[in-house]
């Protein structure tokens, strides 16, 4: 039975016919993994925390950067440079201290996906990478975990719910797409209100799924905020679905430094270390190189004349450098930092 304070907190929600006391208990007992804590994931996390979902696992390998702040409202200026998983978890704890929040600074891969989603009731995909989305789809199919998919770019977004162990999955809708074939938000742009609307729909659908009445199961909802239009499309099983055909995923790990984006005078690079050294150890090694600083528990930052480099507990090094530094030189610098970080 709820305490008077708990009942009062959620009274505007409990009074809804589809929720009630029984529904609120389901939310309180519910557990979700939110994978990707950018524009969509930050909105989903705040909304579900406010709704009283009892356990939230927050997964992202990235750090907060200044261009994130216009749309990722869970973060503030003082979070820049910190791991998104840690900064988001701190914010969620401030929104609702009753939520058991679990930050996981992880780079999603076939090796760790089972651990990230294996013990939750529902998985919410807020990533911006098709490789990550396909990996999540496959593990949800194997473990029979329901999946709420979301994406947004420019003025447009999509939301759909899948039970991928059944007849229809994400790869029936979007088979064999490559990240290189589609522009990112850094290149094409994104309206902040678009990610907030799409993220709100994802969180509303998550609540409905936990309550037992999903609206978008095997249905794609297309959101057009340029023309203020919503369209629905029923998703059918695709005979050419790569998942059904047991086709292996092409998801190479980023062992070599990779340029993620180059725009507005900044070059962004990513490198994932196979050894995944401890953050404390990396700090001790990097502090000898120059101006190294801790950024919370999950990240360490080193500043060089050409740019800023951050190591996170995911085993990832993220670099942001001036485009006057050529890509080859930037990659050499990040490789040297990786070598130092991995020393034993």
Worksheet item: Does residue 330 meet the test of being over 23 Å from residue 105 (Cα atoms) and either in contact with a strand residue (DSSP E or B) (Cβ under 8 Å, 6 or more places away or on another chain) or at pLDDT 90 or above (or both)?
Response: yes
Item to complete: Tell me, please, whether a residue that is assigned to a helix (DSSP H, G or I) and in contact with a helix residue (DSSP H, G or I) (Cβ under 6 Å, 6 or more places away or on another chain) can be found in region 100-110.
Response: no
Discussion item. I'd like to check something: does region 21-30 contain any residue that is touching a strand residue (DSSP E or B) at 6+ places or on another chain (Cβ under 8 Å) and under 26 Å from residue 130 (Cα atoms)?
Written reply: no
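Yes/no per residue for (1) buried (at least 23 other Cβ atoms within 10 Å of the Cβ); (2) touching a residue at least 60 places away in the same chain (Cβ under 8 Å); (3) part of a helix (DSSP H, G or I):
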site: 13; (1), (2), (3): no, no, yes
site: 33; (1), (2), (3): yes, yes, no
site: 43; (1), (2), (3): yes, yes, yes
site: 46; (1), (2), (3): no, no, yes
site: 67; (1), (2), (3): no, yes, yes
Worksheet item: Residue check: is residue 195 assigned to a loop (DSSP other than H, G, I, E, B) and touching a residue at least 12 places away in the same chain (Cβ under 8 Å)?
Response: no
Item to complete: Please state which of the following conditions residue 150 fails to meet, knowing it meets all the rest: (1) surrounded by fewer than 20 Cβ atoms within 10 Å (Cβ to Cβ); (2) within 24 Å of residue 26 (Cα to Cα).
Response: (1)
Fill in: residue 318 in contact (Cβ under 8 Å) with a residue 40 or more places away in the chain, touching a helix residue (DSSP H, G or I) at 6+ places or on another chain (Cβ under 6 Å) and buried (at least 20 other Cβ atoms within 10 Å of the Cβ)
no
Response to the item:
Over region 15-31, the set of residues touching a helix residue (DSSP H, G or I) at 6+ places or on another chain (Cβ under 9 Å), without any contact (Cβ under 8 Å) to a residue 24 or more places away in the chain and assigned to a loop (DSSP other than H, G, I, E, B) is 16
Discussion item. Condition first: part of a helix (DSSP H, G or I), modelled with pLDDT of 95 or more and farther than 23 Å from residue 67 by Cα. Can you find one or more residues in region 145-161 that meet it?
Written reply: no
Item to complete: Considering every residue within region 268-281, establish whether at least one is in a strand (DSSP E or B) and farther than 17 Å from residue 333 by Cα.
Response: no
Worksheet item: In region 84-108, how many are surrounded by fewer than 18 Cβ atoms within 10 Å (Cβ to Cβ) and either under 20 Å from residue 146 (Cα atoms) or touching a residue at least 40 places away in the same chain (Cβ under 8 Å) (or both)?
Response: 4
Response to the item:
If you go through 124, 92, the only one that is at pLDDT 95 or above, assigned by TED's automatic domain parsing to the domain that holds residue 203, in contact with a strand residue (DSSP E or B) (Cβ under 8 Å, 6 or more places away or on another chain) and part of a helix (DSSP H, G or I) is 92
Discussion item. One residue is enough: does region 131-141 have a residue meeting the conditions in contact with a helix residue (DSSP H, G or I) (Cβ under 8 Å, 6 or more places away or on another chain), modelled with pLDDT under 95, in the same structural domain as residue 41 (by TED's automatic domain parsing) and not in a strand (DSSP E or B)?
Written reply: yes
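The values are calculated or read from the model by the stated rules, or taken from the named source; none is laboratory data. What you are looking at is a predicted structure, and each value in this text was computed from that prediction instead of being measured. So basically every Cβ, Gly included, is an ideal-geometry build from the backbone, and we count neighbours across all protein chains shown.
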